[in-house]
Structure formats: C-alpha cells, structure tokens
1. Tell me the Rg and the Dmax, in Å, that the Cα atoms of region 210-340 produce.
2. At a Cα cut-off below 16 Å, give the aspartates and glutamates reachable from Lys78, other chains included and same-chain residues fewer than 8 away excluded.
3. With θ taken as phi - 60° and the coefficients 6.51, -1.76 and 1.60, list the Karplus ³J(HN,Hα) couplings across region 31-47 in order, rounded to whole Hz; mark glycine and proline as x.
4. Roughly how much of Glu288 is accessible, in Å² to the nearest 10, using a 1.4 Å probe?
5. Counting just the Cα atoms, what span does region 205-281 cover along each of its three principal axes? Round to the nearest Å and put the largest first.
6. For region 123-230, what is the Kirkwood hydrodynamic radius in Å, using each pair of distinct C-alpha atoms?
7. Run through all the Cα pairs of the chain and give the fraction in each 10 Å bin from 0, expressed as whole percent.
8. Determine how large the accessible area of Arg178 is when every protein chain is in place; take a 1.4 Å probe and give Å² rounded to the nearest 10.
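The values are calculated or read from the model by the stated rules, or taken from the named source; none is laboratory data. None of the values given here were measured: they were computed from a predicted structure. Counting neighbours? That spans all protein chains shown, and the Cβs are built from the backbone with ideal geometry, glycine included. Side chains included, ligands, DNA and RNA excluded: accessible areas come from the protein's heavy atoms. Shrake-Rupley method; radii C 1.70, N 1.55, O 1.52, S 1.80 Å.
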Amino acid sequence: MNADERRFEVLRAIVADYVSNQEPVGSKALVERHNLGVSSATVRNDMAALEDDGYIAQPHTSAGRVPTDKGYRLFVDKLSEIKPLSQAEKRAIRSFLDGALDLDDVMRRSVRLLAQLTRQVAVIQVPTLSRAAVRHLEVLPITPSRLMLVLITDTGRVDQRIVELGDVISEEHTAQLRGVLNQAMAGQRLAEASAKVAELPDEVPSNLRDPMLRVATVLIETLVEHPEERLVLGGTANLTRNITDFPGSLRQVLEALEEQVVVLKLLAASRDPGRVLVRIGEENEAAEMRSTSVVSIGYGSRDNPLGGLGVVGPTRMDYPGTMAAVRAVANYVGEILTGR
C-alpha cells in the first residue's frame, strides 16, 4: 500500500482503540494491537503526518493521540459499506417491533430498541398527518345514540372519537354511514379526505343527513393537520455514562434535546430512507450539539417519506455499528408503517 493508504490504516486503528478504550493511543500500543506490517518508527512518522494534517491531536501532555472531528469524518467517508447486522440481531429487531399495537407503540419501541443497540440517545420523528392517507374508518355503535369512530391511516396512526348523535340510529343506518364514509375517504390523503367528508351531509339521503353532519364535524376536526411536530426520545441517560466525552457541555446537549427544535432540524435533513447521514462535531449547526455526532436516516419509502430517526452521542462513537443499527431499525419501521 502507498503512504496515504498506510496512514489511513493507522488512523483507523487509532479510531478503533480510542472508541473502545477512551484512552489516547500511542504508537507502541498500535504496533502491539494491530498487524500494521510496519515498524514502530514508521507508525510514529505516520502519526506525525496525521497530526500535521489535523486528523489526530495530542490531548494535554499525554503521549498518545486521539481522533479529531476531521479524523472521524475521513474514517466515516471511507467506510466502503455499512456492515450488516447479524441474523440474530435482525430477528430480534423484527420480533420486538412486530409486537407494537399502534403508531405510538411503534415509536416508543423503536427508540427503546435503538438506544439499547447503540447505547446512545435515540430519537424518532412521529409521522405528521399531512403525509398520511386514510386506510380505513370503522364506525361502531356504543349506544343507540352514540357512535365511536376509529380512523386508521397508512402510517399506522389510530384515532378514536366519540360522536353524540342526539337521536337513535339503527344498525342498518350505521352500516350505511360506514359504507359511504369509507367509499369517500379510503386511500385519500387527509386534506382531500377532509374536503370530501365536508360534502357528504348534502349528498346522503335525508334520513342520514343529521347523523352524517355530526359525524363529519368530528371527522374534520380529526383530519385537520396539527402543526406541531413531535419527537420521541429514548436512552437519554446513556449520555451520562462517560461525562468526559462532553467537556463542559453535557448540560447544553441535554437542554437541546429537551427543546426538541434542534433535533427536529437535524432530522429534517434526513428525508432519504436509503442514505445514512452522519454529522460530526463542528458539522452540527447548533452550537449546543458540537460535542456530539448525529447519525440519522429517513424512514418510509422514497415515494412516501414519513419522517427521520437517528441517534445522538459523543463524537467518540462506534460509527459502523451505529450506522448499521440506525439503518436496520429505519427499514423495519418503514415496513411496518407502510404495510409492506
């Protein structure tokens, strides 16, 4: 190998050792632990060159070196491919997520699982209603004058609403309402479904007009977009395992996560379900996050992106393992929510 390739192998060994041990890495340790095929003198020269180029640095008076943000970036950029998870890990992910009861449960399980796999903070953006379409509307009689509406979207969202009819309705008329509503709404984006529902009271027979008006009023309130976007977080306590990874800034990181706006902006750039995005240290726009790395990806499909998910942790991170876990969980969440 040429000098550049050899120096990258030295950098890769430094990253591996520092991520594993959290100790600055010296040339002697590199020669002992890694089969680099060169002398200690050559490794020292390569480390000097890497330091001159800004890929590694010497903390304080330690004899060892640690990767810089620039060094981690080169390491991540040169990953030829993301290592796949083992079959056992894939089965565990699928089994855990398949047990989810509804959208909120999928979100909670996803962050819990991702936090366990990566030992970092996991975040997922809850799909907003604007990207959802109606899969089915169930209309269930609770009493002769009260109905329950159960709206199910293609993102797995389930909304339940009670409708007080003010008058008795027969099972036959309830079935008619269900049929008319599903014919108008099924497969429609929520905005279009809302517009169609608004027209139904004028289109149904007179004996259904009043109950349809009451049902339509409740449905339109349910279908109208709520502007707030939500995040679900898990594993925040993982950041406190090694406080030295965040010199003087852990509190700022925790406050930024609590605010959520910063993380929503980070995930907003992760719209592509096929590409893992890695932001390292100073690459993060928000000053509070510059001691962290953010590994994120979109979930859903290219035609129907639903949101972003990822992990936040220190720059001293197992990038290959974290990227693999983020991609795998996103794939399974996308499959569950798009019904594939």
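1. When restricted to Cα atoms, region 210-340 yields Rg and Dmax of 18.0, 65 Å.
2. Asp4, Glu5, Glu9, Asp69, Asp318
3. With the stated coefficients, region 31-47 comes to 5, 6, 8, 10, 7, 7, x, 9, 6, 4, 4, 5, 4, 4, 5, 5, 5 Hz.
4. Taking all protein chains as shown, Glu288 has close to 70 Å².
5. If we take the Cα atoms of region 205-281, the spans are 71, 28, 17 Å.
6. 14.1 Å
7. That works out to 5, 22, 23, 19, 13, 8, 5, 3, 1, 0, in percent per bin.
8. Counting only protein heavy atoms, the figure is 70 Å².
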